[in-house]
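Below: one structure, written as structure tokens.
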Amino acid sequence: MISRSDAELILSCALSTGGDFAEIFAENVNSGGIALLDSRVEGANRARSCGAGIRIFRETETVYAYTNDLTLEGMLETARTAAAALGKPSGKHPIRLYNASALNIHRIDRFAGDVEGKRKADVLHFADRTIRALSGEIAQVSAGITDEMQHVLIANTEGLYATDTRTRCRLRITAVAASGSENQTGNVSPGAHAGYEFIEGLDIEALAKKAGRAALTMLHAQPCPAGQMPVVIENGFGGVIFHEACGHALEATSVGKGNSVFCGKLGQKIASDCVTAVDDGTIPNAWGSLNIDDEGQPTQRKVLIENGILKSYMVDRLGSRRMNMPMTGSGRRQDYTYAPTSRMTNTFICAGHDDNEEMIATMGDGLYAAQMGGGSVNPVTGEFNFAVNEGYLVRDGKICEPVRGATLIGKGAEILTRIDRVGTDLLTAQGVCGSLSGSVPTDVGQPRIRVQNITVGGR
């Protein structure tokens, strides 16, 4: 994309007005997908995009500019434009770059973009037929396969010149069940930092049935009663609550500005003794993993909370300057049009030691949240509101009838202290997280957990 010698010239130009650090991020992306709706292939596409961004620091003051003109003159012009925002030219700053090789932890057998469309369509049609065979109340099925291969180059004035390739693949299956004017949805969407071999290794029948049965179950569910009650939250996507309500508050994006409830609490108890939480960008082929982050730093396994004690934050370069703390390989961005900031990778509550059946049997009356949905959160206060896509009432320690329309309402910092059971069955699920630097792939996860008391919204 950009040669080492050209990168040296561009970075030197970026420092010409008094910046103390400059960085180039360039990418070339090959992406595509195929989609099925109502038993017909709705469309298939492939796209290519490329561009680069230049970021300049002067202490904690930053400037960012980007372009899709990757010629030397185009990049120099972008560097001059960014530099001009900091002041007047102050002389030349020779830069020497050195190749840095990133250890590749992700085995890729076959890029999904090289697989013929018919093979992908056959997978989608099979999922469609499987769901429709469950019941005549299935009104609609949609499914799709998406893939991406991103080649990146990162160079900076500390001498870094590094390249990396990120390959991802994802399956989406959605079922809609309807009766009269009522309709309910069930969906699954597994993904990985992998090639098409990931799709070939999935149990498509089981995934399709899971989506269809969730829709059918909720179609005939009664409205959930509202109130304060204990709640058991299932593993996998249940971890979205920790991700949104607590994880974002542990990013330097919030902590470095003093906008987090966890500011200044390193080494303090912030959660129950049974809670240990990790952000780990080094898991081979995991959806949110990277060899290097978007600032060229190796990703890390970071213990955020250990036995209830706050141990670390997720810190990018700007956060490092603001907080006087080392970077943790947490700088991420959607693409070259965004400057990076501190972001999660694969973030989860670790497995505990409690029995899944016991935590239901001893909870009395409450709610079993079998599948969580999306929601909203205030990153400053940690206040959240999340939908329960599939829920069941619990009476006298037994799972009873399904209920719909439930929401979980609370504050992340408070909920952490109310977790009294953590199971052994850690599972992660894939999502896309939005923040200041755009949308990035992230894993969320947890084992089954029990919250002693939480506000449940309903009727």
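Pairs needed: first member in the stretch 220-237, in the same structural domain as L416 (by TED's automatic domain parsing); second member anywhere, assigned to a strand (DSSP E or B) and among the hydroxyl-bearing types (S, T, Y); C-beta distance under 7 Å; at least 6 residues apart or different chains. Matching pairs, first to second residue: Q228/T455; V232/Y368; G236/T428.
Which residue, of D425, D396, is acidic (D, E), in the same structural domain as F237 (by TED's automatic domain parsing) and more than 22 Å from T347 (Cα to Cα)? Show your work before the answer.
On the way: D425 fails: more than 22 Å from T347 (Cα to Cα).
Result of the check over D425, D396: D396.
Condition test on T71, is it β-branched (V, I, T) and without any contact (Cβ under 8 Å) to a residue 12 or more places away in the chain? It is true that T71 is β-branched (V, I, T) and without any contact (Cβ under 8 Å) to a residue 12 or more places away in the chain. How about the stretch 292-325: which of its residues are hydroxyl-bearing (S, T, Y) and over 18 Å from the mean Cα position of the chain (by Cα)? Listed by number, the residues that qualify are S312, S320. Checking each residue in the stretch 271-307 for being in a loop (DSSP other than H, G, I, E, B), surrounded by fewer than 22 Cβ atoms within 10 Å (Cβ to Cβ) and touching a Cys at 6+ places or on another chain (Cβ under 9 Å) picks out T276, N307. The set of residues from the stretch 46-60 being touching a helix residue (DSSP H, G or I) at 6+ places or on another chain (Cβ under 9 Å) and in a strand (DSSP E or B) comprises R46, A52, G53, I54, R55, I56, F57.
The residues of the stretch 195-233 that are crowded, with 23+ Cβ neighbours inside 10 Å and part of a loop (DSSP other than H, G, I, E, B) amount to a single one, G195.
Looking only at residues of the stretch 104-118 that are of a type outside the set (K, R) and in a loop (DSSP other than H, G, I, E, B), we find that the one that is farthest from the chain's Cα centre (by Cα) is E116.
Check whether at least one residue in the stretch 405-416 is crowded, with 24+ Cβ neighbours inside 10 Å, within 26 Å of P223 (Cβ to Cβ), of a type in the set (V, I, T) and not assigned by TED's automatic domain parsing to the domain that holds Q184, and report yes or no. Yes: the stretch 405-416 contains one or more residues that are crowded, with 24+ Cβ neighbours inside 10 Å, within 26 Å of P223 (Cβ to Cβ), of a type in the set (V, I, T) and not assigned by TED's automatic domain parsing to the domain that holds Q184.
Can A35 be described as modelled with pLDDT of 95 or more, in the same structural domain as T167 (by TED's automatic domain parsing), under 23 Å from N68 (Cα atoms) and not polar (S, T, N, Q)? It is false that A35 is modelled with pLDDT of 95 or more, in the same structural domain as T167 (by TED's automatic domain parsing), under 23 Å from N68 (Cα atoms) and not polar (S, T, N, Q).
Go through the stretch 318-344 and give me each residue that's in contact with an Asp or Glu (Cβ under 6 Å, 6 or more places away or on another chain) and either in contact (Cβ under 8 Å) with a residue 40 or more places away in the chain or part of a loop (DSSP other than H, G, I, E, B) (or both).
Kept after step one, since they are in contact with an Asp or Glu (Cβ under 6 Å, 6 or more places away or on another chain), are these residues of the stretch 318-344: 329-333, 336, 340-342, 344.
Residues satisfying the conditions are G329, S330, R332, R333, Y336, P340, T341, S342, M344.
The values are calculated or read from the model by the stated rules, or taken from the named source; none is laboratory data. The structure displayed is predicted, hence computed values, not measured ones. Neighbour counts run over all protein chains shown; Cβ positions are idealised from the backbone, glycine included.
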